[in-house]
Each structure stands twice: as structure tokens, then as C-alpha cells.
1. Taking segment 299-319, which residues are touching a strand residue (DSSP E or B) at 6+ places or on another chain (Cβ under 7 Å) and of a type in the set (S, T, N, Q)?
2. Starting from segment 237-265, take each residue that is of a type in the set (S, T, Y) and list its partners that are modelled with pLDDT of 90 or more and outside any loop (DSSP other than H, G, I, E, B), counting only C-beta distances under 8 angstrom and pairs at least six apart or across chains.
3. In segment 164-188, which residue that is under 20 Å from the mean Cα position of the chain (by Cα) and either of a type in the set (S, T, Y) or open to solvent by 50 Å² or more (accessible area, probe 1.4 Å) (or both) is nearest to R273 (Cα to Cα)?
4. Of R362, R318, R325, which residue is in a helix (DSSP H, G or I) and surrounded by fewer than 16 Cβ atoms within 10 Å (Cβ to Cβ)?
5. Sort out for me the strands (runs of 3 or more DSSP E) sitting completely within segment 153-224 that have 1 or more residues that are over 30 Å from E90 (Cα atoms) and touching a residue at least 60 places away in the same chain (Cβ under 8 Å).
Amino acid sequence: MTGTAKRNMIVAGGGIGGLSAALGLANKGCRVTVLEQAPQFGEIGAGIQIGPNAFHAMDYLGVGPAGRAKAVYIDKLIMMDGLSGDTVAEMPVDEPFRQRFGNPYAVIHRADLHGVLLDACRAHQDITLVNNQRVVAYENTASGALVRTETGDTFAGDAVIGADGVRSMIRQQLTGGDELRLSGHVAYRAVLPIELMPEDLRWNAATLWAGPKCHMVHYPLQGWKTFNLVATFQTDVSNVGTNEPGTREEILGRFGDIVPRARKLLEKPTEWRRWVLGDREPIENWTDGNVTLLGDAAHPTHQYFAQGACMALEDAVRLGTEVERHGDDFNAAFLAYQTARIPRAYRVVLSSRMLGKVYHARGVE
């Protein structure tokens, strides 16, 4: 850093990755402006699983205690055979696991985790949050970098972080437009009030029922007031819809072979939301001058490894570390950041693809 002047950073995207990046940078002495395209900062979706690595990152960002207060601490991960109803495997994640890794494996509502990060950003004197600003382009300048938004506004800073999600406009410009890779997998998500959850399935676990071309997951949320339910199936879908209304008929039809004990869960929700899952092929570079990518903009992944949000939190930690280490040389900082993060993040992307095959195995597979 030159003298005592604060460096000014622009973060495109106000999701979990963008807010984490803002905290990581602001805690290292930067002044950060976060641009969010929605009318207000918020998060869609339902529950997510967070491993010890995510809690380590939250501690580093200063939100560990707040995040732990919102989480549910499960005792095990369970994989069930959806055709026979037998237990395939169990992995304990109770106290010995927590001691071994220094932090728990837990589940949390996505909106609760986002809220923890949002509260911390609002409380930080060096973070400014701006709504209704969808970033559509960036430009490296003699003094740093700037972004242009859909409204025609320009925001300039010393550097730009593209944390604008799986359909990132920053990435599109940086790569020349690499295609979203559709998986043919569709995820239905719902949150059940605890009273609608069958008593014989109210397990303190993240439970996965695997079947041919389909699987479903359930676990408790929000202090055991609700249960998260995700049902995923393979299809020939060709669109890239997100957060669409789903139909009870479609989801029940796709899980016709699953044992009644598990299938009855799918009859409970009165509302489903539907996502078509996609990722992108790994790329060798996330950086253009004083601009770099983070989170889903850099390495969108399928849900099967339960590491999407965890990877974004890790990104934010490493980004802040390299910016502090390299002072005003943002290009050097970003290149060091991506060198550290690319192998780990893409290992998760490729492993998630493989797990999708395992969960949906049929026949000889």
C-alpha cells in the first residue's frame, strides 16, 4: 500500500462469494463497493452443507460465531439405497470429527449464512453496498479498473472482483464467452415445517437416498424448525432455468422406483422450486490485469460435493491474503491467488461430476 491511502475495490455480485470477498478485502485495509443487481441484498435457495473448511474461513473473515449460531450440528452423513431401503454407508461427524478437524460439519439455511455475511458488511465502515446495479462490462484503466452497469453507471476503483455468479458477465468478457455446461440434472428444492416431516425420518443427519437416475437429500434446518429437502433427477432438459416453479407431478413421476418410506417425503411440500444444474469446464486463467474472478464466476460446480459456498469462502480468504501481501500490485496478487486456488477449486468441480454419476448409478454401474 502506498502511504496510508486505502485501496478502492469494486466487487460485482452481492451473494455469498461477493460479500465474503468484501469482508476479506476490507479486513486487509481496502475500501470496498459491492454492486448487486437485485433490488435488495438477499439469497434464494434452501439449505446447504458446510464443512470445517467453511467454518475456518468464516473465523478468518470475522463471522465464525455468528455463523455457528445459525447452523444445525448434525451427527452423521448417511447414504441409503433408494431401491431397497438399506443403509449403504454412514460417516460420523459428531464430537470426535469436530475435534479432529477443529470445526464442525453442519447444515445451514443459505439465507441465514448470507444474512450473517450481510450484517458484517453493513457494520464495516469500509464497505458500501449498492443495489440495482447489474455489471455488464469491465475495463482496465491507467489507474486501476472500472465496471459499467446495465443502468449506464460507471464505478471505478483500483481493482475489480467478478463475483457475479454462474452467469457472470465479468467471466464472459474475460474468457470471450465459454459455454455453460448443462448436466441434464434437475434439482427440486423445498423446505418442510418440522411437523410435516415423518417422525421416522427426523434424523440428525444429512441423509441421501440414491436411486437410478435420481437421488434425494434431507436434513434439519433453523434450529430444527424445518427440514431441507432436495430431489434431483436426470433428464434431457436443454434450458438453463433457475428458481422456477416445479410441479408435484413431475417430481413424483421421476421417483417412482424409490422405496415408499422415502418417496412419501416428496408428497409433503406444497411448493417446489426447480433448478437446472450446470457447471463450466476448468480454465487456466481467472485474471485480466486488475480484474479477477471469485466463487461461482470462477468455478461453478454441481451440488454433489456440498462445497460450492465453501469454495467461495476459501477464495475470499486467499484473495485477501494475496492483496495484503502484494500491496498495490493487484495483477501480481490476483495471479498468486489464482495459482493457489485453481487446482483445489477444479478438483471439487470434477469430483462433483463424478459423485453425480455415483448417486444416480443404475444397472451395471
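1. T301, Q303
2. T247/W272
3. Per the stated criteria, the residue is Y188.
4. Values: R362 fails: in a helix (DSSP H, G or I); R318 fails: surrounded by fewer than 16 Cβ atoms within 10 Å (Cβ to Cβ).
The conditions single out R325.
5. Values: elements: 154-157, 159-162, 181-193, 205-211, 214-221.
Correct list: 154-157, 159-162, 181-193.
Okay, residues lined up against (1) closer than 21 Å to L23 by Cβ; (2) open to solvent by less than 40 Å² (accessible area, probe 1.4 Å); (3) at pLDDT 95 or above; (4) over 23 Å from the mean Cα position of the chain (by Cα):
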| residue | (1), (2), (3), (4) |
| --- | --- |
| A66 | yes, no, yes, no |
| I78 | no, yes, yes, no |
| F101 | no, no, yes, no |
| A106 | yes, yes, yes, no |
| D119 | yes, no, yes, no |
| I127 | yes, yes, yes, no |
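Residue-wise test of (1) in contact with a helix residue (DSSP H, G or I) (Cβ under 9 Å, 6 or more places away or on another chain); (2) farther than 30 Å from R189 by Cβ.
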position: M311; (1), (2): yes, no
position: A316; (1), (2): yes, no
position: E324; (1), (2): yes, yes
position: G327; (1), (2): yes, yes
position: I342; (1), (2): no, no
position: A345; (1), (2): yes, no
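Residue-wise test of (1) open to solvent by less than 10 Å² (accessible area, probe 1.4 Å); (2) under 27 Å from A156 (Cβ atoms).
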{"residue": "V32", "(1), (2)": "yes, yes"}
{"residue": "Q40", "(1), (2)": "no, yes"}
{"residue": "E43", "(1), (2)": "no, no"}
{"residue": "P52", "(1), (2)": "no, no"}
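The values are calculated or read from the model by the stated rules, or taken from the named source; none is laboratory data. Worth saying up front: this structure is predicted, and the values here are computed from it rather than measured. Backbone-built Cβ (ideal geometry, glycine too); neighbour counts: all protein chains shown. Each accessible area value is taken on the protein alone, full model and side chains, heavy atoms only, with ligands, DNA and RNA left out. Shrake-Rupley method; radii C 1.70, N 1.55, O 1.52, S 1.80 Å.
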